[in-house]
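The values are calculated or read from the model by the stated rules, or taken from the named source; none is laboratory data. Keep in mind that this is a model prediction, so the values were computed, not measured. Positions of Cβ are generated from backbone atoms using ideal geometry, with glycine treated the same way; all protein chains shown enter the neighbour counts. Surface areas here come from the heavy atoms of the whole protein model, side chains and all, with no ligands, DNA or RNA. Shrake-Rupley method; radii C 1.70, N 1.55, O 1.52, S 1.80 Å.
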Amino acid sequence: MTTATPDPHDLFVIGGGINGAAVACDAAGRGLSVVLAEERDFAEGTSSRSSKLIHGGLRYLETYDFRLVREALREREILMARTPHLVWPIRLVLPHVPGLRPLWMIRLGLLLYDHLAPRRRLAPSETIAFAHHPAGAALKPEFRRGFAYSDCRGDDARLVIANLLGAEQHGARILARHRFVAARRDGEVWDIQLENAITAERLALRARALVNAAGPWVIAAGAAIDGVGLKRRLRLVKGSHIVVPRQWEGDHGYYLQTRDGRTMEAFPFEDDFTSIGTTDQPWEEPAERVRIADREIDYMLAEVNRYFRKPVQRADVVWSYAGVRPLFEVGGARDSDLSTLTRDYSFDIDHRDGRTPVLTIFGGKLTTHRRLAEDALAKLAPFLRPPRPGATAQEVLPGGDLGPDVESFEASLKRDFPWLLEPQLRRYSRLYGARARALLGSARALTDLGTPFGADLYQREVDFLIETEWARTADDILWRRTKLGLRLTAAAVDRLSTYLAAAKKQPARSGDPIPLPRSDGG
Ligand SMILES: Cc1cc2nc3c(=O)[nH]c(=O)nc-3n(C[C@H](O)[C@H](O)[C@H](O)COP(=O)(O)OP(=O)(O)OC[C@H]3O[C@@H](n4cnc5c(N)ncnc54)[C@H](O)[C@@H]3O)c2cc1C
C-alpha cells in the first residue's frame, strides 16, 4: 500500500545520526517544514559508537588542521550551553614518555589548544609532576611528568535524540525505521520513496530539497537519488572501544601516546566503568557489519598496560563496541596514515537550474554537528523559501534548560523527589536534563514508577522512552537511550523484551510502525 502526503515539504533528510538530526533541528527551527527518515534506530550508525569526546582534537594540530580545531573548540563552548546535561568538562592527563613526542612539542600544542578559541568555563592546561598530583596514583612510577588539559565528554546517542526532539518541537516529522529507497526529480520537487523497515509498507513524500546525511552509507543513498553521481571516494576507518570496571579514583581521564605514534584515551564511563579506545583500522566490509577484532583488544590492553599500575586483563572487558568513521580522501592522502585523514566535513550540492537541490554531507565530527547544520542550511538557502535566521547557537535543546548548572538542577530534583536513589537521580538528570521532571510526573514514591526491570530501570522510564523518544527494542533502551545494558542481567533483559513486545501491541507515536525486530546491540 502506498500512502501519499500531498504538499511538498521544504526539506527531506536521509539519516538519523547526529548530522541528519542536527540539520533537521536547524531547518525546522528556521520555520521550514522538514521530514527526516532513519532506516534503523536513531544513532544506531556511527553516532552511538564514537569516543564521546566533544573536543577540538589535540592530535589534529599535528596535521595542521588548525581551522577544524578552532571551529570544534568554539562548538565545545556552544554545546556546553545548548545541552548542559549531555556535554560535561573533563580534565585529561597526558603522561610524557621519553622517546615519544618531546616536552616542548606537547607544551606548544597545549598552549595553542588553550588559545585557539575563547575558553570561558574550562581551566587552562598545566604541567604536572605525578609524585604530587592525584592523577599519578594510577600510573606506573616511571611516569614522572606530564600535562593536564581541559576538554569535554558527551553522550553521542543522546545528543542525536536531543536534536530530534528539538526538530520535532519546531514541527519536523521524524520517522524511525523508515528506509529511504529512491528520489526522482519532478519539476520543482523531489518525489521520494520510503519503505517501512518493519512492514515493508511503501510511503511516498514530496520535498523541495534533499539532504543526504547517511554517514558511512552516503554513497549508497546518493546512488538512489536521480541524476546525482557522487565522485568522492569514502574511506571507512574502524575505531573500537573496550569498557572495563572503573580503574582509578577521580573524574579525570588519560590521553595516552601509543608506541606507533597514535594516541588513545581512557575515561571514567557511566560512573562505575572505564572506557578505553580507540583504534584506527581500514574497514572494507559493509559498514553495518563493523565489529571489534581480537587483535584490537590485544593492542589496546598492551598499550594501556604500559601506563597503569593495575593491569587491565582481557577478562575485565565487560563490553566493547566498534564504529566506522566515514572519512574522505583529499588530494594525495590515499595512502597516508589513516589517523591523518581529515575529520573535517564538506558538502556536494547538485541542482537543476536552481531547483530540486540535494546536499550531500561528507565526513564530520560529533563535536561539529551544530556548525555543520548551520553551514548546510546556508548552502541550501538560495534554493529554499526565505526561512527565519538560524538560532541554534543561542537556543537550548529540550532538556537543556537546567537553570544555573547541572548540580543545582540535581539539588532541586532531590528536593522535589527526595525518595529517588542518588545514582538514579543523577542518571535521570544527566540523560534527560529538565525533561526528568516530565518522566517523574506526579510520582511520590519508588513504587509509583511501576514494574522494576533491574538496576534502576522502572516501567515509567521505559514508557517515557517509548512515548517520547521513539524507543522500541531492548537495545534501543539499553544501549542508546541509556547505557543500562552494562548493568542488567540477561534475565532482566528478557523481562524488558517481553514487556516491550506487549507494549508494541499498543498504538505507537509518530506513525512509527510496530512490531520491530531486535537491533544489533550498539
Ligand atoms: C570510533 C569513532 C570515534 C569517534 N570519536 C569521536 C569523538 O570523540 N568526537 C567527535 O567529535 N567525533 C567522533 N567521531 C566521529 C563521529 O562519531 C561521526 O562524525 C558522526 O557520528 C557521524 O554522524 P553521521 O550522522 O554523519 O553518521 P551516522 O551516525 O552513521 O548516521 C547516518 C545514518 O544514516 C542512516 N541511513 C543510511 N542509509 C539510509 C537510508 N537509505 N535510509 C534511511 N537512513 C539511512 C544510518 O542508519 C545511520 O543511522 C568518532 C567516530 C568513530 C567511528
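Tell me what the chain gives for mean residue ellipticity at 222 nm when only DSSP H runs of n ≥ 4 count, each as -39,500 (n - 2.57), the sum divided by the residue total, rounded to 500 deg cm²/dmol.
Helices in the chain give a 222 nm mean residue ellipticity of -8000 deg cm²/dmol.
Rolling a 1.4 angstrom probe over the protein heavy atoms, how many square angstrom per residue are accessible across the chain?
So the chain comes to 40 Å² accessible per residue, rounded to a whole number.
With unit charges on the beta carbons (Lys and Arg positive, Asp and Glu negative) and the dipole taken about the Cα centre of the chain, which residue among Leu36, Val93, Phe383 sits farthest to the positive side?
Val93
Would you mind calculating the relative contact order of the chain from Cα pairs under 8 angstrom and at least 6 residues apart, reporting the percent as a whole number?
20 percent
For the stretch 102-149, rounded, prolate or oblate, judged on the Cα gyration tensor with a ≥ b ≥ c (square roots of eigenvalues), a/c < 1.5 rounded, else prolate if a/b > b/c?
Note, shape of the stretch 102-149 comes out oblate.
Considering only protein heavy atoms and a probe of 1.4 Å, how much of the accessible area of the chain is carbon and sulfur, as a whole percent?
Here it works out to 54 percent.
Excluding residues on the same chain fewer than 8 positions from Lys140, give the lysines whose Cα lies under 20 Å from its Cα.
Cross-link targets: Lys310.
Just by accessible area at a 1.4 angstrom probe, what is the order of Tyr345, Tyr64, Tyr113 from largest to smallest?
Heavy-atom accessible area, descending, gives Tyr64, Tyr345, Tyr113.
Ignoring everything but the protein chains, give the 1.4 Å probe accessible area of Val34 in square angstrom, nearest 10.
Surface accessible to solvent at Val34 totals approximately 0 Å².
Given the whole protein assembly as supplied and a 1.4 Å probe, what does the accessible area of Asp65 come to in Å², nearest 10?
30 Å²
Evaluate Rg over Rh across the chain, taking Cα atoms for both radii and Kirkwood's formula for Rh.
0.96
If I ignore ligands, DNA and RNA and count only protein heavy atoms, how much of Arg82 is accessible to a 1.4 Å probe, in Å² to the nearest 10?
Estimated to the nearest 10 Å², Arg82 gives 10 Å².
Please list 271-277, 175-181, 44-50, 248-254 highest first by mean number of surrounding beta-carbon atoms within 10 Å per residue.
Going from most to least packed, we get 44-50, 175-181, 271-277, 248-254.
When ranked by the protection proxy of mean other Cβ atoms within 10 Å per residue, highest first, what sequence do the peptides 226-237, 465-476 form?
The peptides rank, most packed first, as 465-476, 226-237.
Cross-link candidates for Lys504: which lysines have Cα within less than 25 Å, leaving aside residues fewer than 8 places away along the same chain?
Lys483
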